[in-house]
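Reviewing the structure listed below.
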Amino acid sequence: MQISGQDQYDCIGFHNQLPKGKASGIMTIHSGHIEFCIAEQRINLPLQGLKVSLGGASNRLVYFENPNLPGWNFYTSDRRVLKNPQLHRLPSVSKLLRGARNKHWFGWGLITAVITLIVAVPLLIVLRMDFFTGVIAKKIPLEWEQKIGESAIAQYQFGKQFLDQQESERLLKPLVDPLINALKNSRYQYRFQIVKEGSLNAFALPGGQVVIHSELILRADSAEELLGVLAHEIQHVEQQHGLRNVIGTSGIYMIASAVFGDTSGLLALVSGAAPLLINQSYSRGFETQADLEGFALLQKANINPIGLARFFEKMIDEEKKQMDKLMDQDNQELAKQALKFLSTHPASEDRIKRLQLLAEKNAPKHKYQNLQPAFAELKTAVASFVANDQGDTPNEN
């Protein structure tokens, strides 16, 4: 131990003159030498030429020897000896201290790097969730997407009344074909269905399933409004937004695993995700992307792209009217449910203005194609379907 006021430390000495070759004692550091008092002997090691080294488990022991005093070796377990100012003048001690400092800082640097990695990777994934889910979604086989969509629509159809599929295809074909034909290298086969629902909504599922509520068709004033909504929904499919939403709920560990190539757990999760896909909400980034890509798709199809903005304006006005009529909170929630398209695709003045500006900047020199006759026929058929309760009712057994 170090005695107060003196530079003394417990030590062990080795020499063949000592009992059993070693003995314990006290070492005292002086200005020019180190004195070892061991087994009633006093041995002085000159500081000049002194060799100091580390050893033992984790280099916890400090060894001393001097070639001028052969056969004698000493060590102390009190590493505070290295802080002794007399020893600091020795090159061997200075080298040891530099090495110890470097090792210390390396150790702390390594720990800091590991902690930073543990914190930074999940934080990076959270901050760039849309990017990472996009990378992972591309690893999901097309067959999986199709099965997910089919599973979700099968669950949704239970107890619902759909317009006859052949009739739906006949009525919708002249309207949606321009959109589908304008898609370049799409991997999806789209299937559009019309369900008898009194809420304003439409939704798309992975793999290309698109469901349109009858009320949305009846409330739209033009083909452009309906097709603006459908172009938006098609882009949710093309950009894999529904699938990416499911991936985003899987947890940081599973997402990180999938980024580095292990998608087995993710595939199992996605396969059971059908209930999450109906009437889901999208992030602002996904909605903006669907707006912009949907706008571009409408232009390629030679359909007036202002339709979606007009439909949003109509829905916002309708929501305000409903809210004015229903002032208490419970009824306001019912009104929001009745306007499901706005609850799952929240519109804003900025969003509408962005679409309007795009339409003004990209006004064509030629006329957009006129799809109003086909839309009028669709609207009449849907009104009859709703009024007469005609359609396909899935088997509930």
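Points worth noting:
- Label point distance in nm, residue 372-residue 155, each placed 7 Å from Cα along Cα→Cβ: 4.3 nm
- Inter-label distance for residue 44 and residue 165, nm, one decimal - labels placed 7 Å from Cα along Cα-to-Cβ: 10.6 nm
- Neighbour counts of C-beta atoms inside 10 Å place 30, 213, 236 in the sequence 30, 213, 236, starting with the fewest.
- Potential extension, residue 199-residue 30 segment - 0.36 nm per residue separation minus Cα distance: 51.5 nm
- Residues whose placed amide H lies under 5 Å from that of residue 199, excluding near-sequence neighbours: 215
- Average Cα contact separation per residue, the stretch 8-100, under 8 Å, 6 or more apart, as relative contact order %: 24 percent
- Cα→Cβ-extended label distance, 7 Å offset, between residue 138 and residue 184, nm: 1.7 nm
- The ranking of 350, 221 from fewest to most other beta carbons within 10 Å of each one's beta carbon is 350, 221.
- From least to most packed, judged by other beta carbons within 10 angstrom and beginning with the fewest, 315, 27 follow the order 315, 27.
- Too-long pairs where the Cα-Cα distance tops 31 Å, listed order kept, from 173/314; 300/353; 22/95; 22/51; 147/320; 196/314: 147/320
- Using θ = phi - 60° and Karplus 6.51 cos²θ - 1.76 cosθ + 1.60, couplings along the stretch 187-197 (whole Hz; Gly, Pro as x): 8, 10, 9, 7, 10, 9, 10, 10, 10, 6, 9
- In sequence order, the stretch 59-64 has phi-based couplings of 6, 7, 9, 10, 9, 10 Hz under the Karplus curve 6.51 cos²θ - 1.76 cosθ + 1.60, θ = phi - 60°, and Gly or Pro positions carry x.
- Rounded FRET efficiency, nearest 0.05, which uses the C-beta distance separating residue 95 from residue 37 and R0 of 45 Å: 0.95
Every number in this text was worked out from the coordinates using simple rules, so none of it is lab data. Model, not experiment: these values are computed from the prediction. We place every Cβ from the backbone using ideal geometry, glycine too, and count neighbours over all the protein chains shown.
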